[in-house]
Amino acid sequence: MPIELAAGRADHPAARRRAAAEVERRLSDLLAALPDALPQIDATNPAALDEYLAQLGTSVLERMREHPASKSECVRYAEVLAGLAALRHDQAEQRARRRLLALAEVPELFAAAPGETDVGRILQRAAEHAARICELDRVMIFRLDQAQLIPEVTYFVGHADWAAQVLEHARPIELSAMRYEMEMIRRRAAALVTAPLQDPRVTGPTVAELGTDGFVSVPVVVGGTVVATLHGDTYFSGRRLDVTDRDALSVFGKGLGQALERGALLDRLAAQRDAVRRLARAAEATVEDLTTTDLGLAPPPVEAVVPDGAAQARPVRTGRLPARTPLTRREQDVLTLMARGATNREIAHRLVITEGTVKSHVKHVFRKLGVTNRAQAVVLHLGAGAAI
């Protein structure tokens, strides 16, 4: 059986050019059958093409009414009308197919920067992608803060300066029971607004300044809570919005919510990681403080043997240095283990500290006892132990 694979991308330039060329060819054949020539149109603009085909069909019907024609001419007019209807139907199908392919790219778009946690950059990129994928001309994103919608991002295709000016002067929208946004947020459902300037539930400073005659609006949900709203219209193309536009933007809004939720999760994980690191450093510092502070606890006596050849080759009992010793409790522990012949590594393992810390303690012992090597320090230690 035949197999058809979907196109890899929804906006492949070569595919668009081929589709536009086919539309122009079919349209030329249809117009050639009319007695009077009608103006052609740029077939690469889908929104304008659909409107043009609708107007062209209306013009053909008017000509048939105003100028009675022969039977053969009526048949030709009927064929042209049927051809225009078929062309318009095909264009609608292709547009729907492009929309579906574009929406399929949404997860990939938001996953392109997996480490991105900056909300501002995520929203700006989302506005640009929403305009392209959902075939919108102007996109605005509002952040929900208590009972207000705060303007966060404006993106107007080909009109960056105007978008920046609108964002600079846009005022928050005060939410109330009369506003349509309250119902949209409560139900978490997308909305299609077709006559905003005449509807008291919609009118406000932002809508009046934009002069839109219709737009689609969807809530953005993160973790089960609405955190923002996404709005778009077709101001420049003049294309009439419908429920397909509303539903397409709704799908996009869900992808945006998932991206924001992932960014928030990454932020929380990073904060938890930093907190664990701070806790580990604090614990290490606390242990070090406890092990270097003299708590008045005498260590168990250990035996030390005077090196061979010494005058008193007998075991002696060693313990703490006298109370007047300048050594800290930890330095005394290090010196006691040195007297037993332990290496720095062994001392570090026994006292649960690093070798670097052991070396630091040894240097402090040498300096405080006024000696230059381990043997001298041990002899002093043994002498102090014998005197106790």
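Cβ-Cβ distance below 9 Å, separation of 6 or more or different chains: which pairs start in the range 49-68 with a residue that is on the phi < 0 side of the Ramachandran plot and outside any helix (DSSP H, G or I) and end on one that is modelled with pLDDT under 70 and open to solvent by 30 Å² or more (accessible area, probe 1.4 Å)? Between residues of the range 49-68 that are on the phi < 0 side of the Ramachandran plot and outside any helix (DSSP H, G or I) and residues that are modelled with pLDDT under 70 and open to solvent by 30 Å² or more (accessible area, probe 1.4 Å), the close pairs are His67/Pro35.
Scanning the range 238-262 for residues that are open to solvent by 50 Å² or more (accessible area, probe 1.4 Å) and not charged (D, E, K, R) yields a count of 5.
One residue stands out in the range 326-358 among those that are more than 56 Å from the chain's Cα centre (by Cα), open to solvent by 30 Å² or more (accessible area, probe 1.4 Å) and on the phi < 0 side of the Ramachandran plot: the one that is modelled with the highest pLDDT, namely Arg340. Contact map, the range 143-164: first residue in contact (Cβ under 8 Å) with a residue 60 or more places away in the chain and part of a strand (DSSP E or B), second residue of a type in the set (Phe, Trp, Tyr) and open to solvent by less than 60 Å² (accessible area, probe 1.4 Å), Cβ cut-off under 9 Å, separation 6 or more or different chains; pairs are Leu149/Phe142; Glu152/Phe142.
Does any residue of the range 113-122 turn out to be assigned to a helix (DSSP H, G or I), surrounded by fewer than 14 Cβ atoms within 10 Å (Cβ to Cβ), among the hydrophobic types (A, V, I, L, M, F, W, C) and modelled with pLDDT of 65 or more? The answer is no, given that none of the residues of the range 113-122 is assigned to a helix (DSSP H, G or I), surrounded by fewer than 14 Cβ atoms within 10 Å (Cβ to Cβ), among the hydrophobic types (A, V, I, L, M, F, W, C) and modelled with pLDDT of 65 or more. Restricting attention to the range 156-175, does a residue exist that is charged (D, E, K, R), touching a strand residue (DSSP E or B) at 6+ places or on another chain (Cβ under 8 Å) and at pLDDT 90 or above? Scanning the range 156-175 turns up no residue that is charged (D, E, K, R), touching a strand residue (DSSP E or B) at 6+ places or on another chain (Cβ under 8 Å) and at pLDDT 90 or above.
Which residue is farthest from Thr203 (Cα to Cα), if the candidates are limited to the range 163-188 and must be of a type in the set (A, V, I, L, M, F, W, C) and surrounded by fewer than 14 Cβ atoms within 10 Å (Cβ to Cβ)? Applying the filter and picking the extreme gives Ala164.
For the range 20-53, taking the residues that are modelled with pLDDT under 75 and exposed (fewer than 14 other Cβ atoms within 10 Å of the Cβ), the one that is farthest from Cys134 (Cα to Cα) is identified as Pro35. Scanning the range 165-203 for residues that are in a helix (DSSP H, G or I), under 27 Å from the mean Cα position of the chain (by Cα) and over 14 Å from Pro219 (Cβ atoms) gives Gln165, Val166, Leu167, Glu168, His169. Filtered by the rule that a residue be in contact with a Gly (Cβ under 7 Å, 6 or more places away or on another chain) and at pLDDT 90 or above, the range 222-240 gives Leu230, Asp233. Looking only at residues that are outside any loop (DSSP other than H, G, I, E, B) and among the hydrophobic types (A, V, I, L, M, F, W, C) in the range 127-142, which one is nearest to Glu174 (Cα to Cα)? Among residues in the range 127-142 that are outside any loop (DSSP other than H, G, I, E, B) and among the hydrophobic types (A, V, I, L, M, F, W, C), the one nearest to Glu174 (Cα to Cα) is Phe142. The set of residues in the range 213-233 being of a type in the set (S, T, N, Q) and open to solvent by less than 10 Å² (accessible area, probe 1.4 Å) consists of Ser217, Thr229.
The values are calculated or read from the model by the stated rules, or taken from the named source; none is laboratory data. Nothing here was measured: the structure is a model prediction, and the numbers come from that model. Quick reminder, even Gly has a Cβ in these numbers, built from the backbone with ideal geometry, and neighbours come from all protein chains shown. Only protein heavy atoms, including side chains, enter the accessible area calculation; ligands, DNA and RNA are left aside. Shrake-Rupley method; radii C 1.70, N 1.55, O 1.52, S 1.80 Å.
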